[in-house]
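The values are calculated or read from the model by the stated rules, or taken from the named source; none is laboratory data. Quantities reported herein were computed from a predicted structural model and do not represent experimental measurements. A quick note on method: Cβ atoms are made from the backbone with ideal geometry, for glycine too, and the neighbour counts reach across all protein chains shown.
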Amino acid sequence: MKFFIETFGCQMNENDTERIQFLLENAGYDRTKDISESDIIILNTCTVRESAKNRQYGHIGNLKKIKNLKKDILICIGGCAAQDIKENIIKDFPYIDIVFGTQNIAYLPDLIKKRISTGRSICCIEDSGFDPELFKVRRKHSFRALVPITIGCDNYCSYCIVPMVRGKERSIEAEKILKNIEELVSDGAVEVTLLGQNVNSYGKNLRQPYTFSALLEKISDIKGLKRIRFMTSHPKDFSGDLIDVIKNRDNIAKHVHLPLQAGSDKILKEMNRNYTRKDYFGIIENIKNKIPDCAITTDIIVGFPGEEKEDFLETMGMIKKIRFNRAFTFIYSPRAGTRAAGMDDRITIDEKKQWFRQLLEIQNTISFEENNKLIGRRFEVLVEGNSSKNSALLEGRMENNTIVNFEGKSNLTGKIVPVIIDSARTFYVKGKLARG
């Protein structure tokens with residue numbers, strides 16, 4: 001039997017898909033990229049924003065045509081939306097065979113067998129605790145790997161549903177993480193990305209407390225590991241020690257993704273972010289003083305309930321002063337079950353869209369200007385494969401996570417090569433392979 005997976009959402013979801021593939025292949029199934037030849041269809045869903053949920057519902061609705069043509073095909077819905085909506089998915093779409101939660105991935109092979117044997121739809125959404133087989137995955141790329149170090153979240157930002165769909169924050173023991181990364185490097189990985197909803201709160205709930213900066217140092221000591229990235233950091237836990245570790249270790253990428261979300265203290269308080277704009281400026285100043293070439297990226301929400309023009313202008317002021325290399329910007333989307341969903345919201349959607357356009361225009365200008373500063377300089381680039389912009393070109397990433405397009409042979413994929421930047425765009429740069 002063949003299975004097809006479509007993945008929505010963040011890198012944590014990508015890692016979950018790698019786990020699903022490992023489990024099903026070990027159970028004797030083969031993955032296919034052609035949905036028409038599959039016997040099992042799996043959607044690994046996201047529920048962070050309403051627009052994402054709506055798109056996924058559209059995808060699920062379209063699967064009915066396939067089910068009508070192929071009665072025996074199994075349709076499985078997993079991920080954060082499955083954890084959130086639970087058995088309501090089967091109520092809305094009776095042709096769905098299996099709904100499984102974020103903590104029930106390990107059960108999927110057995111759930112498939114049970115569905116085939118009983119002929120009944122199954123909803124498996126339960127808190128099964130920590131999965132000891134978390135590191136058993138089928139990696140998408142041999143040269144890089146996603147490595148979860150924390151699961152779940154305890155922050156309870158008022159707009160965010162992650163704690164409800166991923167559970168309480170749990171840190172994985174350092175020894176297990178280090179052993180896993182050593183094995184990955186032995187298997188050819190040159191880059192790892194450490195994953196968690198808040199990686200820099202790592203270790204707080206371990207029996208023997210362990211800091212993220214200490215873990216990062218240990219990982220950095222692993223021979224053969226060329227690059228270490230981490231996603232995502234929370235400003236309230238971003239320590240000076242962590243900045244020092246990034247500065248002093250050559251194989252830790254000089255790139256920090258630090259979600260701001262809003263530039264107004266009033267809105268930050270309503271979001272339950274537990275830091276002020278002054279706190280955030282202090283972190284950025286420390287990073288820029290100690291690591292001048294460090295790229296800083298962020299997330300920003302526009303139109304949070306209660307946000308007024310003055311609050312929005314404070315966010316714009318921070319963007320202009322900090323000059324983020326890139327920003328992922330969103331219009332606020334209410335999530336049922338979060339505190340913010342019940343807040344009074346008097347700003348019209350048209351005004352929010354106008355703010356969003358203004359913010360995007362400023363940030364895109366800054367991103368383009370920052371990319372222009374790279375022209376004429378030489379950088380080490382990890383080649384990821386053919387470019388998504390032009391299949392005749394290769395695409396890779398600089399240490400600071402900027403995408404680079406350049407001419408080269410496909411056998412360079414997975415290698416770190418020198419590239420001289422010769423032109424810039426808003427979201428990527430172009431260059432040429434350097435000699436020597």
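If the condition is being surrounded by 13 or more Cβ atoms within 10 Å (Cβ to Cβ), of a type in the set (S, T, Y) and modelled with pLDDT under 90, then the range 32-56 contributes only T47.
Out of all the residues in the range 236-268, which are free of Cβ contacts under 8 Å to residues at least 40 places away in the same chain and outside any helix (DSSP H, G or I)? Correct list: S239, R249, D250, N251, I252. With respect to the conditions (1) of a type in the set (S, T, Y); (2) more than 18 Å from H255 (Cα to Cα); (3) surrounded by 13 or more Cβ atoms within 10 Å (Cβ to Cβ), S388 falls short on a single one, namely (3).
Okay, residues lined up against (1) more than 13 Å from T7 (Cα to Cα); (2) buried (at least 20 other Cβ atoms within 10 Å of the Cβ); (3) of a type in the set (A, V, I, L, M):
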position: G58; (1), (2), (3): yes, no, no
position: K65; (1), (2), (3): yes, no, no
position: L69; (1), (2), (3): yes, no, yes
position: I73; (1), (2), (3): yes, no, yes
position: A81; (1), (2), (3): no, yes, yes
position: N88; (1), (2), (3): yes, no, no
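Can you name the residue in the range 188-225 that is among the polar types (S, T, N, Q) and in a loop (DSSP other than H, G, I, E, B) and, of all such residues, is farthest from C46 (Cα to Cα)? Ranking the qualifying residues of the range 188-225, first place goes to Q208. Checked against the criterion of being basic (K, R), under 21 Å from C124 (Cα atoms) and in contact (Cβ under 8 Å) with a residue 24 or more places away in the chain, the range 88-106 contains not a single residue that satisfies it.
Only a single criterion out of (1) crowded, with 18+ Cβ neighbours inside 10 Å; (2) polar (S, T, N, Q); (3) assigned to a loop (DSSP other than H, G, I, E, B) is not satisfied by S128, namely (1). Looking only at the range 253-267, decide whether some residue is surrounded by fewer than 16 Cβ atoms within 10 Å (Cβ to Cβ) and either more than 21 Å from C46 (Cα to Cα) or not assigned by TED's automatic domain parsing to the domain that holds R144 (or both). Within the range 253-267, one or more residues are surrounded by fewer than 16 Cβ atoms within 10 Å (Cβ to Cβ) and either more than 21 Å from C46 (Cα to Cα) or not assigned by TED's automatic domain parsing to the domain that holds R144 (or both).
The test for being more than 27 Å from G9 (Cβ to Cβ), at pLDDT 95 or above, in the same structural domain as V185 (by TED's automatic domain parsing) and under 23 Å from the mean Cα position of the chain (by Cα) does not hold for K236. Residues of the range 194-212 that are closer than 30 Å to E380 by Cα and surrounded by fewer than 20 Cβ atoms within 10 Å (Cβ to Cβ): T211 alone. Would you be able to say whether some residue in the range 152-160 is modelled with pLDDT of 90 or more, assigned to a helix (DSSP H, G or I) and not assigned by TED's automatic domain parsing to the domain that holds N15? No; the residues of the range 152-160 include none that is modelled with pLDDT of 90 or more, assigned to a helix (DSSP H, G or I) and not assigned by TED's automatic domain parsing to the domain that holds N15.
Scanning the range 1-34 for residues that are among the hydrophobic types (A, V, I, L, M, F, W, C) and touching a Leu at 6+ places or on another chain (Cβ under 9 Å) yields M1, F3, I5, F8, C10, M12, I20, L23, L24, A27. So which of I300, I287 ends up being crowded, with 20+ Cβ neighbours inside 10 Å and within 25 Å of C10 (Cα to Cα)? One residue alone meets the criteria, I300. Scanning the range 346-380 for residues that are loosely packed, with under 14 Cβ neighbours inside 10 Å, of a type in the set (V, I, T) and within 23 Å of R397 (Cβ to Cβ) yields a single hit, T365.
Close Cβ contacts (under 7 Å, 6 or more residues apart or on different chains) running from residues in the range 197-209 that are at negative phi to residues that are among the basic types (K, R) and surrounded by fewer than 20 Cβ atoms within 10 Å (Cβ to Cβ) comprise N205/R170.
For the range 145-154, indicate whether the set of residues that are surrounded by fewer than 20 Cβ atoms within 10 Å (Cβ to Cβ) and of a type outside the set (A, V, I, L, M, F, W, C) is non-empty. Can you show your working first?
Restricting attention to the range 145-154, the residues satisfying the condition of being surrounded by fewer than 20 Cβ atoms within 10 Å (Cβ to Cβ) are 154.
In the following step, the residues that additionally are of a type outside the set (A, V, I, L, M, F, W, C) were identified as 154.
Yes - at least one qualifying residue is present in the range 145-154.
Taken over the range 161-187, the criterion of being within 22 Å of P235 (Cα to Cα) and either part of a loop (DSSP other than H, G, I, E, B) or of a type in the set (A, V, I, L, M) (or both) is satisfied by I161, V162, M164, G167, K168, E169, I172.
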